[in-house]
Amino acid sequence: MNTVLQTKGLCKTYIVNKRQNNVLKNIDLTISEGEMVAIMGPSGSGKSTLLYCVSGMDRVTAGEVIFNGKETAKLSDKALSQLRLDEMGFIFQQMYMMKNLSVLDNIILPAVKSKKNTESRKQTEERGRQLMRRLGIDDVGDNDINEVSGGQLQRACICRSMINSPKMIFADEPTGALNRSSSDEVMNELLSLNRDGTTIMCVTHDPKVAAKCSRILYIVDGGIMGEKEMGHFDGGEKELRDRERELNNWLMEQGW
Amino acid sequence: MFWRILKKDLKRKKTMNIILLLFVILCSMLAAASLNNIVAVTGGIKHFMEISDAPDVKISMPVDEDLDKKLIALPEVEKVKVEESFYLTAEHFKLNGEKHKDLISGTALISGKEFGCKYFDAENREITSVPAGGFYCTKNFLQGAPFEKDDILTVTIAEETFSLSFEGIYKTVAQDTNNSSSPYIILNSADWDKMNGSLEDSAFMTEKTIYVKTNDVDAVIKAAGDTEGISVYTKDQFSSYFMYDMLTAYILLAACGLLVAAAFVTLRFAIGFTISEEFREIGVMKAVGIQNSGIRSIYITKYAAISLIGSVIGYVASIPLSSYLLKSVQGSIVFSGNNTMIGITGSAAVIVLILLFSYGCTIGINKMSPIDAVRSGQTGERFGKRSVMHLGRSKLPATGFMALNDVLSAPKQFAIITVVFTLCVLMMTVMSNCAVTLSSDKPIFLFGIPVETDASILDNDISNDAIKQAIGEFMTSNDSWKSLVKETEKMLDENGMPGKATVTISCLYTTVHGDKSVGISYHVTRNTPADKFIYDEGTAPRKPDEVALTAAAMEKLDARIGDRIKVNTGGAEEELIITGTFSTFMMGGMAARLCEDAELNLEKLNNHMGIQIEFDDSPDEAEIGRRIEKLKDVTGAEKIYSNAQMVETFTEMSGTLDMIKKMMMLMTVIVTALIVILMERSFISKEKSEIALMKAVGFQDGSVIGQHTLRFTLAAVVASVLASVIVLPFSKALLTFIFAQIGSVSSTGIAFDAVEIFAVCPAILIGVTVIGTLLTALYTKTIKASDTASIE
């Protein structure tokens, strides 16, 4: 399997009121193509910061981040933006979208912006509709973002993250603002994407979500404290319950 | 807790609060300065009359009459002052040894023995005496000639030469100092006596002017009525002396009004905007049980504090601004200057307005619910559809689409911005139109000469003997104009430019209708029918017993078309029927027009406008210019003008208006830049999460800055188009209104510089908008993609 993302000695330090706060400390991490990695850990452990640093949304203080063979620390802001646009997808806990655009337009916006995309506007729109159909929200494409439910909006965010067929999707608590049934639907969509070959890195607090991932990284105080290989999940309810149990036990051992 | 929330808000939103404070300072400064100017200008002449101790009646009369002694004996008369003067023509004067060739009219040299009223120097200081060997003059004596303090005026009378040192110009309320009128010089009484002793036949007129303070003007006029060769002017006629100064002042006021309107619309927008973006705080406060009144008082207190601090600073800043603005229009008038109370009232009005704005804006807080805190201010119930365009169906690039979609999705916001920008463009273009119109031939009909005139000869000093003689005899009888017209037309014929000559003269008569009595200037233009003039209503006077009046004169007389008025032409009383109304600047609008062959009592003559020429072959502007040059060569006259030059020379406003126009352009640039910064900063603050999201999904800084710049540019372009559509009717309405303040004018034509109003001014606005937004939008670079998760 090819490596998609690798970090070497990644450090991130914030200076708050002249006080140094080392949020990430010497993180070495390798994520291969097709993996679905969950980042877990207590609040304030640095999970989201790690996600933002490896995705190029934030600059690292020290160390290397190599995404798809490119060292992101050496890229300009412009090149980093291009990388995020063409090769990465993002899903956030809050379903951030542009208020003045319809749901469909929000989804296709990155594709319209991408120079890699050679399709006509009409073709892009059709592809956006196909993605929406796949995620079961094709009936809300022309709606405003305040006219749809949270679950529908998060699935629209997944569509947006997929529109440029990224190498990797970064999801920060993608189900954090959703109820259980919406959460399950969203995770199933992410699983489905992963099965189709998209690498996913997902920050979560929820063992039920993490149980669907192939590997778990447990972070405490800015360092990876534990790592658990779970294997790909493609079974039913029973297997999921077994994986959850196994994960909960492991998490207990980590001090969860 | 209340103060802690407020303190935290002021600290956390420091930049926005500082920008808001800056804008309040600007509004307060403009409001205080403008209000001060409005009061100074509208009450300007009244104030000038008060501080000048202006007479209620001024009577000019021959020196050998002793009317002054008769008047002082009247019980209704409080005080009589007498000034003695003699008139000299231009050939008697030399400025620093050079011939004073720009001087047209005879100049009155007044003895400084007793001043008829108070006179003021250029710095508005009262002149109490004239030093020996010195002189003060009215501004029209210099006619724009470069002449500095202590420069030497040489006066030659009967081969005796007197040298006088220039002390400065003086401002007077009781003398007409317009370019078309006789200038005045005040001398030390000893110098005047010496010159007067040398006069013999050198002066063409000697005169005594009586300044009367009375509580019964009619009694004075009645007492003076049967004295030979007098001219009577009442206090309310003095205001016509300052019509051009007031014209400039009113134009300045209009520009200030637009500026203040733009600033206040922006301020209202900014307050509403900043409150609406605080949905989360408001929702949380509601959720924890704070009542609406409590929440509203936080914001009202905040804006009260900002407006109080801003208004105080703004008031202080308004003092030099107000002085500067007034300085540009106080060539002849002593305005009231800085009135502390007026300025403070202006600043206080800003505080009240801001509190009203914030009170109005906080009404929306009542409608907000705790759910706003968790649903980003959107309940999904009360918001209309925002997405107007469809990205998939648009051919625009993403940045352009986003900008246009933002504008169309928030039409109210961008409509307000567009209105503000439109006001900014109008401020520049209207000033341009005023300046261009007042140096064009468009208002020529308001000066009482035929609109078909091509050129006017205002010089009396003409080398053609026959014409010179005719000018000398022109005012001696009602038929003497014929030889002047004949000789002028002959001269035109001989020089290959045949044309018709006309002359316009006017006399001041007391006019009565019912129990109303008004002094009206009656104009007659010889050698052209009266229907060659423009009439607002009715028809031209065609018979000697017919008259057209201005609307203002009709109003004063309480008369209508068809009514008969009684005119005291000096001893005799005539009855005239009103046939129509017309517009004019003359005599502050108190004017009448008679038919071409109406007889006038030339003893009551109060004005004549030289000789007007209408060429037979209707030449174009360039040809008229060439012919004027040829006429100058042929006649040796300097003062031959086209209509546009005539308007420019008479009003003397083009220089002042040009300066005001440039000043207003500079102020527009500053105000527009501040508006753009304030609004763009508000947008960035409100859209922080969207900016971060765009960056997270891969939009570069340039795209975000481009989107922000483009949408303001769109508003600026729309505003420029809008302003271009309305500038001409707006300027016409505004100029008509302003002209109506100083004359009786119901409509006027306007001239414009198409390049300036349709290209330069919009380009300035668009340029300032683009640069201002671009620089402000650079702030979006500080918003990082990772802020997506941490933004409230």
Considering only region B:490-526, state which residues are closer than 27 Å to residue B:554 by Cα and not in a strand (DSSP E or B).
B:514, B:515
Within region A:179-201, is there a residue that is loosely packed, with under 14 Cβ neighbours inside 10 Å, farther than 25 Å from residue A:33 by Cβ and touching a residue at least 24 places away in the same chain (Cβ under 8 Å)?
yes
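Looking at region B:190-200, is at least one residue touching a Gly at 6+ places or on another chain (Cβ under 8 Å) and either at pLDDT 75 or above or not assigned by TED's automatic domain parsing to the domain that holds residue B:89 (or both)? Full working, then the answer.
Residues of region B:190-200 that are touching a Gly at 6+ places or on another chain (Cβ under 8 Å), as a first pass: B:191-192.
Those still in the list that are either at pLDDT 75 or above or not assigned by TED's automatic domain parsing to the domain that holds residue B:89 (or both) too: B:191-192.
Yes; the residues of region B:190-200 include at least one that is touching a Gly at 6+ places or on another chain (Cβ under 8 Å) and either at pLDDT 75 or above or not assigned by TED's automatic domain parsing to the domain that holds residue B:89 (or both).
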Sort through B:109, B:6 and tell me the only one that's at pLDDT 85 or above and open to solvent by less than 20 Å² (accessible area, probe 1.4 Å).
B:109
Here the qualifying pairs (Cβ atoms under 8 Å; residues six or more apart or on different chains; first in region B:461-472 and in a loop (DSSP other than H, G, I, E, B); second among the basic types (Lys, Arg)) come out as B:461/B:468; B:462/B:468
Is one or more of the residues making up region B:548-557 assigned by TED's automatic domain parsing to the domain that holds residue B:639 and open to solvent by 70 Å² or more (accessible area, probe 1.4 Å)?
yes
For residues that are open to solvent by less than 10 Å² (accessible area, probe 1.4 Å) and touching a Phe, Trp or Tyr at 6+ places or on another chain (Cβ under 9 Å), scanning just region B:380-401, find the one that is modelled with the highest pLDDT.
B:398
Has region B:559-577 got any residue that is under 30 Å from residue B:539 (Cα atoms), open to solvent by 10 Å² or more (accessible area, probe 1.4 Å), of a type in the set (Asp, Glu) and assigned to a loop (DSSP other than H, G, I, E, B)?
yes
Among residues of region A:110-127, those that are more than 7 Å from chain B (Cβ to nearest Cβ) and either surrounded by 17 or more Cβ atoms within 10 Å (Cβ to Cβ) or part of a helix (DSSP H, G or I) (or both), counted:
6
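Please find, among A:174, A:166, the residue that is open to solvent by 10 Å² or more (accessible area, probe 1.4 Å) and more than 9 Å from chain B (Cβ to nearest Cβ). Walk me through it before giving the result.
Details: A:174 fails: open to solvent by 10 Å² or more (accessible area, probe 1.4 Å).
Answer to the selection: A:166.
State whether the residues of region A:179-186 include one that is over 21 Å from residue A:3 (Cβ atoms) and either assigned to a strand (DSSP E or B) or among the acidic types (Asp, Glu) (or both). Let's see the steps before the verdict.
Residues of region A:179-186 over 21 Å from residue A:3 (Cβ atoms): A:179-186.
So of that shortlist, the ones also either assigned to a strand (DSSP E or B) or among the acidic types (Asp, Glu) (or both) come out as A:184-185.
Scanning region A:179-186, I find at least one residue that is over 21 Å from residue A:3 (Cβ atoms) and either assigned to a strand (DSSP E or B) or among the acidic types (Asp, Glu) (or both), so the answer is yes.
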Result of the Cβ filter at 6 Å on region B:500-513, keeping first residues that are within 12 Å of residue B:527 (Cα to Cα) and partners that are charged (D, E, K, R), at least 6 apart or interchain, is B:500/B:614; B:501/B:489; B:503/B:526
For residue A:131, the lone unmet condition from (1) open to solvent by 40 Å² or more (accessible area, probe 1.4 Å); (2) more than 7 Å from chain B (Cβ to nearest Cβ) is (1)
Filter result (open to solvent by 10 Å² or more (accessible area, probe 1.4 Å), touching a Cys at 6+ places or on another chain (Cβ under 9 Å) and polar (S, T, N, Q)) within region A:7-60
A:22, A:26
Selection count where residues are at pLDDT below 85 and either over 26 Å from residue B:444 (Cα atoms) or open to solvent by 40 Å² or more (accessible area, probe 1.4 Å) (or both), scope region B:482-520
4
Can you give me the number of residues within region B:748-792 that are among the hydroxyl-bearing types (Ser, Thr, Tyr), over 30 Å from residue B:647 (Cβ atoms) and either outside any helix (DSSP H, G or I) or open to solvent by 30 Å² or more (accessible area, probe 1.4 Å) (or both)?
4
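Can you pull out every residue in region B:90-101 that is under 33 Å from the mean Cα position of the chain (by Cα) and either among the hydroxyl-bearing types (Ser, Thr, Tyr) or buried (at least 17 other Cβ atoms within 10 Å of the Cβ) (or both)? Outline the logic, then answer.
Filtering region B:90-101 down to residues under 33 Å from the mean Cα position of the chain (by Cα) leaves B:90, B:95, B:100-101.
B:90, B:95, B:100 - these are the residues of region B:90-101 that are under 33 Å from the mean Cα position of the chain (by Cα) and either among the hydroxyl-bearing types (Ser, Thr, Tyr) or buried (at least 17 other Cβ atoms within 10 Å of the Cβ) (or both).
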Starting from region B:192-212, take each residue that is crowded, with 19+ Cβ neighbours inside 10 Å and β-branched (Val, Ile, Thr) and list its partners that are at pLDDT 85 or above and not in a strand (DSSP E or B), counting only C-beta distances under 7 angstrom and pairs at least six apart or across chains.
B:209/B:116; B:212/B:55; B:212/B:56
Condition set part of a helix (DSSP H, G or I) and among the polar types (S, T, N, Q), scope region A:66-99, selection nearest to the other protein chains (Cβ to nearest Cβ): answer is A:81
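Surrounded by fewer than 22 Cβ atoms within 10 Å (Cβ to Cβ), at negative phi, facing chain A (nearest Cβ under 8 Å) and modelled with pLDDT under 90: does that describe residue B:373?
Working: surrounded by fewer than 22 Cβ atoms within 10 Å (Cβ to Cβ): yes; at negative phi: yes; facing chain A (nearest Cβ under 8 Å): no; modelled with pLDDT under 90: yes.
Spelling it out, it is not the case that residue B:373 is surrounded by fewer than 22 Cβ atoms within 10 Å (Cβ to Cβ), at negative phi, facing chain A (nearest Cβ under 8 Å) and modelled with pLDDT under 90.
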In region B:578-599, which residues are open to solvent by 10 Å² or more (accessible area, probe 1.4 Å), in a loop (DSSP other than H, G, I, E, B) and in contact with a strand residue (DSSP E or B) (Cβ under 7 Å, 6 or more places away or on another chain)?
B:590, B:596
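Do we have residue A:21 as outside any loop (DSSP other than H, G, I, E, B), in contact with a Phe, Trp or Tyr (Cβ under 6 Å, 6 or more places away or on another chain) and over 29 Å from residue A:234 (Cβ atoms) here? Quick ask: steps written out before the conclusion?
Details: outside any loop (DSSP other than H, G, I, E, B): yes; in contact with a Phe, Trp or Tyr (Cβ under 6 Å, 6 or more places away or on another chain): yes; over 29 Å from residue A:234 (Cβ atoms): yes.
Criteria met by residue A:21.
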Could you tell me whether region B:714-728 includes any residue that is closer than 30 Å to residue A:96 by Cα, among the polar types (S, T, N, Q) and either open to solvent by 10 Å² or more (accessible area, probe 1.4 Å) or within 13 Å of another protein chain (Cβ to nearest Cβ) (or both)?
no
Looking only at region B:699-712, decide whether some residue is open to solvent by 20 Å² or more (accessible area, probe 1.4 Å), within 14 Å of chain A (Cβ to nearest Cβ), over 30 Å from residue B:760 (Cβ atoms) and touching a Phe, Trp or Tyr at 6+ places or on another chain (Cβ under 8 Å).
no
I'm checking my understanding of the structure. Among residues of region B:619-654 that are open to solvent by 50 Å² or more (accessible area, probe 1.4 Å) and more than 24 Å from residue B:489 (Cα to Cα), which one is nearest to the chain's Cα centre (by Cα)?
B:652
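Matching residues to (1) over 32 Å from the mean Cα position of the chain (by Cα); (2) surrounded by fewer than 24 Cβ atoms within 10 Å (Cβ to Cβ); (3) part of a helix (DSSP H, G or I):
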residue	(1), (2), (3)
B:658	no, yes, yes
B:668	no, no, yes
B:673	no, yes, yes
B:676	no, no, yes
B:679	no, no, yes
B:684	yes, yes, yes
B:689	yes, yes, yes
B:695	yes, no, yes
Residue A:209 fails exactly one of (1) open to solvent by 40 Å² or more (accessible area, probe 1.4 Å); (2) at pLDDT below 90, namely (1)
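The values are calculated or read from the model by the stated rules, or taken from the named source; none is laboratory data. Everything numeric in this text was worked out from a predicted model, so none of it was measured. As a convention, Cβ positions derive from the backbone with ideal geometry for all residues, glycine included, and neighbour counts pool all protein chains shown. For accessibility, only protein heavy atoms count, side chains too; no ligands or nucleic acids. Shrake-Rupley method; radii C 1.70, N 1.55, O 1.52, S 1.80 Å.
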